Amino acid sequence: MASGGGHSPIEQFVIKEYVPLEAFGFNASFTNSSLYMVIAVSLITGFLILSTKGRALVPTRMQSISEIFYEFVASTVKDNVGPQGMQFFPLVFTLFIFVFVLNLLGMIPIPGITFTVTSHIAVTAALALLVIGIVIFYGLYKHGLGFFKIFVPSDVPPWLLPLLVPIEIISFISRPISLSVRLFANMLAGHIALKIFAGFIGVLLGAGAWAILAPLPLALTVALTALEVLVAVLQAYVFAVLTCIYLNDAVHGAH
Amino acid sequence: MPSPDKDDAITRGQISPQDRAELRGRTDELDRRLQQARGEDHTTPETGRQEPKATQTTNKGLGGSLRSSTEMIAGVLVGSGIGWAIDKVFGTWPAFFIVFFLLGSAAGMLNVVREGLKMKTGPSDPKKGPSVPDDEDDN
């Protein structure tokens with residue numbers, strides 16, 4: 001309520017149902033979150049299909065952008081998982097570019113519509129559970145029960161194992177939590193901070209002589225916007241890197 | 001970058017065998033020259049990215065610091081949660097909560113240290129992971 005327009009800084013995170021739907025007793029409405037995901041997927045698919053249509057040996061500008069994305073994710077996968085990890089390239093690329101585009105779409109201000117999908121933990125937790133589910137299923141498929149050796153650190157005296165195995169298990173369980181909380185908290189906190197500082201401008205302008213201070217939060221908001229773009233890109237990258245690090249356990253088994 | 005085009009063209013069968021051999025020779029030659037050029041200008045051949053070193057490390061440091069806080073908190077939360085749940089089931093509050101809180105803190109530290117080490121050593125010596133022969137001891 002503090003801001004100039006009379007909006008709360010967390011109003012931007014409200015889910016609005018555009019087309020109410022219900023499936024098997026669950027609320028499956030088409031919301032602003034769904035809309036942004038549909039926009040993101042269409043943007044990504046459209047861009048990648050259009051830009052790689054020419055398949056030129058000497059790439060055009062558009063194709064270069066696609067190739068930069070490809071090589072960036074491919075090198076991340078190869079660095080963290082190794083060449084065998086390339087079978088997971090489609091997964092990591094999809095996650096990276098989905099989060100990347102959603103984060104950046106949330107930075108484009110459209111009054112009353114702008115929504116950052118990744119600022120909701122339901123979305124990030126679903127992505128993190130997908131990753132950890134694939135790690136567990138692929139690990140069990142590839143290594144059988146030997147996959148559980150990742151909980152038993154090597155080169156450790158046996159009497160320490162009763163202490164270390166629970167620690168390793170807790171560490172493993174905390175992965176999907178930290179993966180989802182990190183992305184969600186960064187986007188949530190960043191957007192709230194942006195909104196609050198922007199709100200100060202209006203408040204100061206309406207406070208008589210204090211209006212002379214209004215340019216200060218304005219400058220800060222500009223700087224924060226740049227920082228938020230950095231965070232948006234960085235968090236997409238971090239999500240992809242951590243996915244790779246976790247997949248490494250599934251591919252290579254015990255470390 | 002050349003390999004998808006090359007492979008695609010070959011599978012589509014639009015290239016005669018001698019052209020194919022010549023094309024392979026040329027791409028191999030190009031690969032060798034690229035490797036050579038990369039060796040000279042000190043960019044890591046593995047990542048092949050041309051960014052200046054400085055921005056790479058600052059980005060990594062920023063990402064690392066943003067990461068480690070959540071790693072720590074997640075470890076503590078999961079540990080405490082497990083301990084609390086065991087206490088709830090067996091009515092032994094707060095024995096298991098205390099034990100698992102400590103284990104959770106240890107797991108959080110482990111997360112921070114491990115991810116930190118991986119981020120640090122990962123890209124610089126990428127041979128470390130892959131070079132280990134994939135000993136699938138399925139027993």
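Taking the numbered list (1) hydrophobic (A, V, I, L, M, F, W, C); (2) without any contact (Cβ under 8 Å) to a residue 60 or more places away in the chain; (3) assigned to a helix (DSSP H, G or I) in turn, A:Val156 passes all entries but (3). Among the conditions (1) within 13 Å of chain B (Cβ to nearest Cβ); (2) surrounded by fewer than 22 Cβ atoms within 10 Å (Cβ to Cβ); (3) farther than 29 Å from A:Met107 by Cα, the only one that A:Ala250 does not satisfy is (2).
Listed here are the residues, each with its yes/no results for (1) modelled with pLDDT of 90 or more; (2) more than 30 Å from A:Thr94 (Cβ to Cβ); (3) touching a helix residue (DSSP H, G or I) at 6+ places or on another chain (Cβ under 8 Å).
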residue: A:Gly133; (1), (2), (3): yes, no, no
residue: A:Gly144; (1), (2), (3): no, no, no
residue: A:Val156; (1), (2), (3): no, yes, yes
residue: A:Ile177; (1), (2), (3): yes, no, yes
residue: A:Ile192; (1), (2), (3): yes, no, no
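Within the range A:43-67, the set of residues being surrounded by fewer than 17 Cβ atoms within 10 Å (Cβ to Cβ) and under 19 Å from the mean Cα position of the chain (by Cα) comprises A:Leu43, A:Thr45. Residues of the range A:133-149 being out of contact with any Phe, Trp or Tyr (no Cβ under 7 Å at 6 or more places or on another chain) and surrounded by fewer than 20 Cβ atoms within 10 Å (Cβ to Cβ), which ones? Residues satisfying the conditions are A:Gly133, A:Ile134, A:Ile136, A:Phe137, A:Tyr138, A:Tyr141, A:Lys142, A:Gly144, A:Leu145, A:Gly146, A:Phe148, A:Lys149. Given the condition away from every other protein chain (no Cβ under 14 Å) and in a helix (DSSP H, G or I), answer yes or no: does some residue in the range A:18-31 qualify? No, every residue in the range A:18-31 fails to be away from every other protein chain (no Cβ under 14 Å) and in a helix (DSSP H, G or I).
Conditions (1) within 12 Å of chain B (Cβ to nearest Cβ); (2) outside any helix (DSSP H, G or I); (3) more than 24 Å from B:Met109 (Cα to Cα), marked per residue:
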site: A:Leu50; (1), (2), (3): no, no, yes
site: A:Gln63; (1), (2), (3): yes, no, yes
site: A:Ser66; (1), (2), (3): yes, no, yes
site: A:Val99; (1), (2), (3): no, no, yes
site: A:Ile108; (1), (2), (3): no, yes, yes
site: A:Thr114; (1), (2), (3): no, yes, yes
site: A:Ala126; (1), (2), (3): no, no, yes
site: A:Leu130; (1), (2), (3): no, no, yes
site: A:Ile134; (1), (2), (3): no, no, yes
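Among the residues of the range A:2-11, is any farther than 20 Å from A:Met107 by Cβ, in contact with a helix residue (DSSP H, G or I) (Cβ under 8 Å, 6 or more places away or on another chain), at pLDDT below 90 and part of a loop (DSSP other than H, G, I, E, B)? Checked against the condition, which is being farther than 20 Å from A:Met107 by Cβ, in contact with a helix residue (DSSP H, G or I) (Cβ under 8 Å, 6 or more places away or on another chain), at pLDDT below 90 and part of a loop (DSSP other than H, G, I, E, B), the range A:2-11 yields at least one hit. Out of all the residues in the range A:150-168, which are surrounded by 15 or more Cβ atoms within 10 Å (Cβ to Cβ) and more than 13 Å from A:Asp249 (Cβ to Cβ)? A:Leu164, A:Val165, A:Pro166, A:Ile167, listed by residue number.
Counting the residues of the range A:79-95 that are within 11 Å of chain B (Cβ to nearest Cβ), assigned to a helix (DSSP H, G or I) and buried (at least 21 other Cβ atoms within 10 Å of the Cβ) gives 4.
Across the range A:28-42, which residue is farthest from A:Ile97 (Cα to Cα) among those that are aliphatic (A, V, I, L, M) and either touching a helix residue (DSSP H, G or I) at 6+ places or on another chain (Cβ under 8 Å) or surrounded by 14 or more Cβ atoms within 10 Å (Cβ to Cβ) (or both)? Among them, the one singled out is A:Leu35. Just a yes or no: is a residue in the range A:176-185 in contact with a Pro (Cβ under 8 Å, 6 or more places away or on another chain) and surrounded by fewer than 20 Cβ atoms within 10 Å (Cβ to Cβ)? There is no residue in the range A:176-185 that is in contact with a Pro (Cβ under 8 Å, 6 or more places away or on another chain) and surrounded by fewer than 20 Cβ atoms within 10 Å (Cβ to Cβ). Would the range A:223-245 turn up any residue that is under 20 Å from B:Gly116 (Cβ atoms), over 12 Å from the mean Cα position of the chain (by Cα) and either polar (S, T, N, Q) or in a helix (DSSP H, G or I) (or both)? Yes, the range A:223-245 contains a residue that is under 20 Å from B:Gly116 (Cβ atoms), over 12 Å from the mean Cα position of the chain (by Cα) and either polar (S, T, N, Q) or in a helix (DSSP H, G or I) (or both).
The values are calculated or read from the model by the stated rules, or taken from the named source; none is laboratory data. For clarity, every value in this text was computed on a predicted model and none was experimentally measured. Quick reminder, even Gly has a Cβ in these numbers, built from the backbone with ideal geometry, and neighbours come from all protein chains shown.
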